[in-house]
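Working notes, beginning with the structure itself.
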Amino acid sequence: MALIVHKYGGTSMGSTERIKNVAKRVAKWHDAGHQIVVVPSAMSGETNRIIGLAKEIMAQPDPRELDMIASTGEQVSVGLLSMALQAIGKQAVSYAGWQVPIKTDSAYTKARIESIDDAKVKADLAAGKIVVITGFQGVDEQGNITTLGRGGSDTSAVAIAAALKAQECLIYTDVDGVYTTDPRVVSDARRLNTVTFEEMLEMASLGSKVLQIRSVEFAGNYRMPTRVLSSLTDPLIPLEEEANSGTLISFEEDTNMEQATITGIAFSRDEAKITVLGVPDKPGIAYQILGPVADANIEVDMIIQNQSVEGKTDFTFTVPRGEYAKAMAVLEGSVKAHIGAASIAGDTKVSKVSVVGVGMRSHVGIASQMFRTLSEEGINILMISTSEIKISVLIDEKYMELAVRSLHKAFGLESA
Ligand code: ADP
Ligand code: ASP
Ligand code: MG
């Protein structure tokens, strides 16, 4: 008997029919003698619908109020799933984040989990109940409801699994594992049986939305065995078969079992580029530009500073497209005049494409192969950034899918 956490995403919870299937699958695991905690997302489209309502009222909704409503989709899901379990004879109880409680900081719309109280959940499990806990939400010190950022139910699930010292966290989704790239963009993408933790961290941080990055961080920090698998198979397939399906995140250092140089291609469509032009080239400039941006809780990604000409330089960086207007407001507000910059330019039609693989450490020529492939397709590179196990380029958004497909082919990632 083991304690196992299941997470079901929006598509998996997308209709009452699908919720009944989730209940059957969960019941199968419970019948096999396991203690089960289930963390569902809102039904697909629901979080977008709610956020859309808020934006009809206010272009930039107040973040506290936004979290108040954005979190409701998950509350509907836990209640429905708990009922679906009861309807097939299981004892089940649902909790919202604040009832557990799952405590977070107060960074509305992207809060971080600080602690999870396991007492109530453990008592319910010991009493034979299946516990269903909302994904995506928590509560701050003052009792305000917070959310963990889009895709945050993955993080709730892995964090709950870590807090409960579960044996495994199973992330059920609408694809049957982690692929070499998004199978919706490249139809012959290949499913990976295992992916190293480091690679998964890079893929998630570079835009592969199959797992939210913070869930991968939790998996790494707590060494929580985490598997991505399909919720769309027959819920009654044999448990052993299901338990070994999908993609396991492996923690074995540098054992890329598939022996490839490149493991996958990640992309992020929604990037924006900002250039501060004619900046005096003197110590402290990067800090004076990026400090206020960071203070506004905006994540900066790629950064370049040009060679200075006559004491002036240009400073370019990228931010998530959704934060572009806020970043521009910060810069135009006080920063520009303060540092004496000539002007600020922006481009919101850019995307980032990255190749990822631990094998890069021991292979040379990956960057040149990447740049050659893009040049053969006539794709202009706007910015480049690298780490030990990834190379990212920023390109015009209209070439993003072409870039992903041609790189996937050039690195021989397609399924045989
Ligand atoms: P859920 O609602 O279950 O959380 P998401 O839509 O958040 O599901 O994540 C699953 C989706 O991630 C897939 O449908 C797929 O389009 C996308 N995806 C992006 N990159 C990858 C990848 N490398 N492997 C698998 N899926 C990927
Ligand atoms: N429902 C939330 C979202 O759409 C959280 C999640 O699905 O993981 O972002
Ligand atoms: Mg998701």
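The values are calculated or read from the model by the stated rules, or taken from the named source; none is laboratory data. The structure displayed is predicted, hence computed values, not measured ones. Using ideal geometry, Cβ is built from the backbone for each residue, glycine included, and neighbour counts are taken over all protein chains shown. Remember, those area values only see protein heavy atoms, side chains included, never the ligands or the DNA or RNA. Shrake-Rupley method; radii C 1.70, N 1.55, O 1.52, S 1.80 Å.
How large is the Rg to Rh ratio of segment 28-172 when both quantities use alpha carbon positions and Rh follows Kirkwood?
Using Cα coordinates only, the ratio equals 0.99.
Give me the percent of accessible area attributable to carbon and sulfur for segment 294-358, probe 1.4 angstrom.
Taking all protein chains in place, segment 294-358 shows 49 percent carbon and sulfur surface.
Where nothing but the Cβ of Lys and Arg (+1) and of Asp and Glu (-1) is charged, how large is the charge dipole of segment 131-231 around its Cα centre, in debye to the nearest 20?
160 debye
Looking only at segment 33-189, where both bridge partners belong to it, what percent of the DSSP beta bridges are antiparallel (to the nearest 5)?
Rounded to the nearest five, the antiparallel share is 45 percent.
Which pairs break 19 Å Cα to Cα here: K122/K165; K90/K165; K120/K165; K7/K55; K24/K129; K165/K209?
The answer is K90/K165; K7/K55; K165/K209.
Please list, ordered by chain and number, the residues whose modelled amide H lies under 5 Å from the amide H of S94; skip anything fewer than 5 residues away on the same chain.
HN-HN under 5 Å from S94: V132.
Just the number please: accessible area per residue for segment 29-112, 1.4 Å probe, all protein chains included, in Å².
Roughly 48 Å² per residue, with all protein chains present.
Can you list residues whose amide H is under 5 Å from L3's amide H, if they're 5+ apart or on another chain and H is modeled 1.01 Å from N?
Residues meeting the criterion, in which the H sits 1.01 Å from N, are Q35, Q167.
Full-extension gain between S385 and Q99, please, as 0.36 nm times their residue separation minus the C-alpha to C-alpha distance.
Answer, rounded to one decimal: 98.7 nm.
Quick one: if you stick a label point 7 Å off each Cα along the C-beta vector at L236 and A337, how many nm between them?
Using points 7 Å along Cα→Cβ, the separation is 7.2 nm.
When the accessible area of segment 199-288 is split by element with a 1.4 Å probe, what percent falls to carbon and sulfur?
Here carbon and sulfur together make up 53 percent of the probe-accessible area.
Answer rounded, prolate or oblate for the chain, using the Cα gyration tensor with square roots of eigenvalues a ≥ b ≥ c: rounded when a/c is under 1.5, else prolate when a/b is larger than b/c, else oblate.
oblate
About the Cα centre of the chain, what is the dipole size in debye to 20, counting +1 per Lys and Arg Cβ and -1 per Asp and Glu Cβ, all else neutral?
Its charge dipole is roughly 560 debye.
Taking the Cα atoms of segment 284-396, what is the range of coordinates along each of the three principal axes, in descending order and whole Å?
On the principal axes, segment 284-396 reaches 45, 33, 27 Å in Cα extent.
Starting from the Cα of I57, step 7 Å along the direction of its Cβ; do the same at S15; then give the gap between the two resulting points in nm.
Computed distance between label sites I57 and S15 equals 3.1 nm.
Would you mind working out the accessible area per residue for segment 200-300, using a 1.4 Å probe, and quoting it in Å²?
46 Å²
Tell me, what HN-Hα J-couplings in whole Hz come from the Karplus equation 6.51 cos²θ - 1.76 cosθ + 1.60 at θ = phi - 60° for each residue of segment 59-67, using x for Gly and Pro?
3J(HN,Hα) across segment 59-67, in whole Hz: 4, 10, x, 4, x, 5, 5, 4, 5.
Looking at the chain only, what percent of DSSP beta bridges run antiparallel? Nearest 5 please.
65 percent
Along the charge dipole of the chain, pointing to its positive end and built from +1/-1 on Cβ of Lys, Arg, Asp and Glu, which listed residue (V364, S82, T316) has its Cα farthest out?
S82
For the charge dipole of the chain, defined by +1 on Lys and Arg C-beta atoms and -1 on Asp and Glu C-beta atoms about the Cα centroid, which residue among V38, P183, M400 has the Cα displaced farthest towards the positive pole?
Of the listed residues, the answer is V38.
Please find, in a Gaussian network model of the chain (springs between Cα atoms separated by less than 10 Å), the residue of L206, L236, L53 whose mean-square fluctuation is greatest.
Highest fluctuation of the listed residues: L53.
Per residue of segment 70-80, in order, report the coupling 6.51 cos²θ - 1.76 cosθ + 1.60 (Karplus, θ = phi - 60°) as ³J(HN,Hα) in whole Hz, putting x for Gly and Pro.
4, 6, 6, x, 5, 5, 5, 4, 5, x, 5
Report ³J(HN,Hα) in whole Hz for each residue of segment 140-153, in order, from the Karplus equation J = 6.51 cos²θ - 1.76 cosθ + 1.60 where θ = phi - 60°; Gly and Pro get x.
Values, residue by residue: 8, 3, 8, x, 7, 6, 10, 10, 9, x, 4, x, x, 5 Hz.
Using modelled backbone amide H atoms (1.01 Å from N, in-plane), which distant-in-sequence or interchain residues come within less than 5 Å of A42's amide H?
For A42, whose amide H was placed from the backbone, the distant partners under 5 Å are E74.
Return the loop-located GluC sites (Glu not before Pro) in segment 272-324 (DSSP other than H, G, I, E, B) with at most 10 other Cβ atoms within 10 Å of their own Cβ; answer none if there are none.
Those satisfying the criteria are E310.
Would you mind telling me the share, in percent, of accessible area of segment 4-80 contributed by carbon and sulfur at probe 1.4 angstrom?
55 percent
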